[in-house]
1. What's the center-to-center distance, using Cα atoms, between region 820-878 and region 304-354 in Å?
2. Quick check: the distance between the Cα centres of region 924-947 and region 185-227, to the nearest angstrom?
3. Summing Lys, Arg as +1 and Asp, Glu as -1, what charge do residues with Cβ under 9 Å from the Cβ of residue 83 carry, residue 83 excluded?
4. Suppose each label sits 7 Å from its Cα in the direction of the beta carbon; what would the residue 815-residue 899 distance come out to in nanometres?
5. Given 538/750; 114/330; 114/647; 158/288; 792/918; 726/918, which pairs have Cα atoms separated by over 32 Å?
6. Which FRET efficiency value, to the nearest 0.05, is calculated for residue 541 and residue 857 with the Förster distance at 41 angstrom and r the Cβ-Cβ distance?
7. FRET efficiency for residue 320 and residue 957, Cβ-Cβ distance as r, R0 = 35 Å, nearest 0.05?
8. For region 821-905, what relative contact order do you get, as a whole percent, if you take Cα pairs closer than 8 Å and at least 6 residues apart?
Amino acid sequence: MKSDMQKATLQPDPPASVRLGWGGVLALDRTLLDLVLREQYLQALANLGSMDPINLEAYLDDGQRISVAIQGLVLGPPQVSFENATLMRQDLTLRMNILAGEYMRVVHLPGSPKRVVESFTITEAMGFRVEAPLSIRVGQPKGSRFTLLELDLASAVKFSTNLGPNDYSNTVLGLRLQESISYMRAYKRTYSLGHFVMDDYYPLSPEQFMVRTMAAPWGQSEDSPRHGDGAVLVFMKLGIDARPGVQPDPGIVYAYPIAEGATGVPGALILVADIEDLGAGDYRDVLKTFSLPTDFEFLPGLPNTGVDLVVPGNWRKRQQAVTVEPAFAKVVAGESIAFTADGATGPVQWSAVNLKRPAAIGSFSGASYSPRSASSFVEDQQMVLVTATSPEASGGGRSHALVMESARAVHVAPRVATWVQGEDPIALRASSVGSGPLVWTLVDAALLSEGEQRVQTLDEPIGKLEDKGDGRAIFTPSRPSGTGDFRVQRIRCTNQQTGESAEAAVVVIKWYAGLNVVPFHVAQALSVQPTPFTVMSKDFSQDLGSAMTWTVSGEGEFNGNVYMPPDNPEFPIAVVTAFDGKERTGYAIVEFSEGRQATAGLLSWEAIATFEVEAVGAPRCFANGWQQIEVRVTVAAANDHNHQPVKISDADMATLKFLNADSNNDLPFLAPMEEFLSSEASGDQGWAVNKEPNNIQRQAAVNSGSSTPLEARTHYFYLHSRSSGKIRVMASIQNTLTGITVTSRAIGEKGRLELTGQDVPPFAQRAYSFTRTRAIGDTSPSEGDEFAYVDKSTDNWLLEYVEREGRPIKFARLFISDNKSGVRWSWEPGSSSTPIKDDDFVSYTGFSFQSIDGGIYDRLLFDGRLYRMAKQRGYALPRLVEGEGPGAGELMITLNRDTGFVRESGLEDPAYRQALEKNLTFTLLDMEGNVHPLTFDFGVTAEEESRGISHRDLLKLSIR
């Protein structure tokens, strides 16, 4: 690290400093960013904030005869890469593996309905992925107190993928993926690389930012095992700086700030060399307001002082932070996997939840997790979130891991294929969790019929199999002959070493369909549910289902137009047929999970029994954008058609949203880290929904308790208003497996909630309690005089509360957008006289603020620029409030009058003094969310001036 930075500082061409005129540079390495993104991904799964499963479809060519369709596509955690980063921009490359989904290749010949020619379950081992160049977004949203470093997937210009079999389909799939992500809520598609608190006003805190990305020298070669290494560089204007720095010039020679041999999770902080000489704090205070969205903290190494102060270091987990390892795991039914909870200091509680089917979870023995048996897998692959809870750890001590459960160790593709005479032979491929040769063999063939014997085993195979080795084979179906329209060949792939196996099924069909059966294919995930079928006209403008006769070749029964699946299917395929009573017939393929037997409690919900929306406190708030109404949503599913209880999944709960019950328009969700609804935000009648509570006091009410059904789930939301008046809201939820959407309005009056946005109250200047107390000062020879003959004094000006309707209201937050201290000398700004350069009679202010919840306690702070001015004059600023400081929810401004602080030292940029000679424009937020834009300025009345009080002696409060 030291040698790298010496190279930078020894460059003969300016700038000599790698800071480019900024107060500091923070380097966030790829290793850290990937860990941060990984943990955010797992937290989102646990907090109902993960990306929605995605459905995509793309044609393979312009003729639109063959397409690929992916249902329920699940993207893995983002990973970043910097091979294309240049320091001129803030771009990086984002990659995500595809963890799960159902892949179908669909043929759509002219004059014929769609037919799935192959389908299989996507696993991560298949190597499918998506990637996109992405620009880091840096800024402070209107509704946030944070400056955010974010990756918003919706801002990606172009997604690329290898999902399709050719470039044309991959291009279309990338466009469809981009479109799907853009429609997701902001909190589902956005990842944070860190954030700075902007209302904790330490003098060394960063105030403005420039972000650039840089490739590591060793990360640009494709042959390097560390290809793609690099860092995000955050250039920071600190509170001690008069102005921000500059952008890097094209062609600049810039040393990478992290050493190639750095171990652990490296990072670096580069600061102005004299930062510790200012008396404004320790260099570590620069990162006091910076946080990662996970439990990492920066552990600085030995600083190296040259033209810059270079601080190498490592990021590590905070003490008692819990981390589950492995964070991502794969396990096969019949096996188990052991987890550890690193950082836990006491007993650990382990739990698991299936993200799609809550009842389909395995069990823990200590810290080892075992899935259910393969016979209870509704799908070949299941996603289970494991959680470790350590009650003795800090912050609740919760951490998560994602487990991909497989019913069997061997995976085949396609799992199901259909074939009509004249089509190409079917290419089979397989992979296995364990080592060992994979061998394909024909099992048995069967004729599917509508008669009493639904599955008739055939004496001979219905095609030829050629094993190509390495898990690949070719099956060539024979020309259909004899009676029967649907024949199925089962083909098994076996790991010769382990004995594990999986099967593929090929359906040989005699004829092309003549009716548009909807759905035309039922995948594993849905085949366990009752499935309603219909027939659509050729142009899909009319529903013709009521005129059809429905039958099934294979297992299962029809109840009207609803297909009822078998409880324990013995064969992997059934074929649903529709007949219009004349000459046209259509069909659909139904897939079953291999070896499925136990399905009790595993069905997804078909109807909602309870869906209530109620305010936890009063159903009203001030329409100031800050105050919230806490709303509880309670939802429970009706029993399934077998009268078994059904629990709503996490995936379904994540679809909960609110609508205006009168207009049916969605209420928008606030983006991550937004605490209030900005007056500039658009929304349905000025309302918005937040997933998180803020610390503004909500209005209380006495609510009658309500009973919660046994299988019910509850979730809490927080609504904001910028519009006075009433609104009626309802909620909706979607079944992510079946696509069914239900609103709470259908349940009755408890499914609708009337909310009120109240007018924002006005505040007169007399409503503010603003008082002065002399803390220390010289003694005047004139009785009653505090200023005329007193050169040195400190007055504490206390803004204690604002009064509304006779009640004192304390303050929750303080916002300062400009100078944090005011400075005056004998010369009064704006007067006709000329200022005296060596005038050393000075008045300057500091402040102390304590939020009502204790989350912010600024004991005594001055503007950082005042510290640099004080250093140039050899003047020491006070460190503590003299006398009694402010209480919770109160602001204190200290007014210090002194000598020995000359107006112009000639050692600093005049911009420092000019910035501090302005009035104080502070904005306070009270505990009810009402905003108070105030100005504190130096000034006196004519009467006060007649008593020898000058313009720099007193503060005046006014409303902006």
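The values are calculated or read from the model by the stated rules, or taken from the named source; none is laboratory data. All of these numbers come straight from a predicted model, not from anything done at the bench. Because the Cβ atoms are built from the backbone with ideal geometry, glycine has one as well, and the counts that use them run over all protein chains shown. Remember, those area values only see protein heavy atoms, side chains included, never the ligands or the DNA or RNA. Shrake-Rupley method; radii C 1.70, N 1.55, O 1.52, S 1.80 Å.
1. Going from one Cα centre to the other spans 45 Å.
2. 39
3. That works out to -2.
4. With each label placed 7 Å out from Cα toward Cβ, I get 4.3 nm.
5. Checking Cα-Cα distances, 538/750; 114/330; 114/647; 158/288; 726/918 exceed 32 Å.
6. After rounding, the FRET efficiency stands at 0.05.
7. Given R0 = 35 Å and the Cβ-Cβ separation, E is 0.20.
8. Values: 148 pairs, mean separation 34.5, N = 85.
Contact order relative to length: 41 percent.
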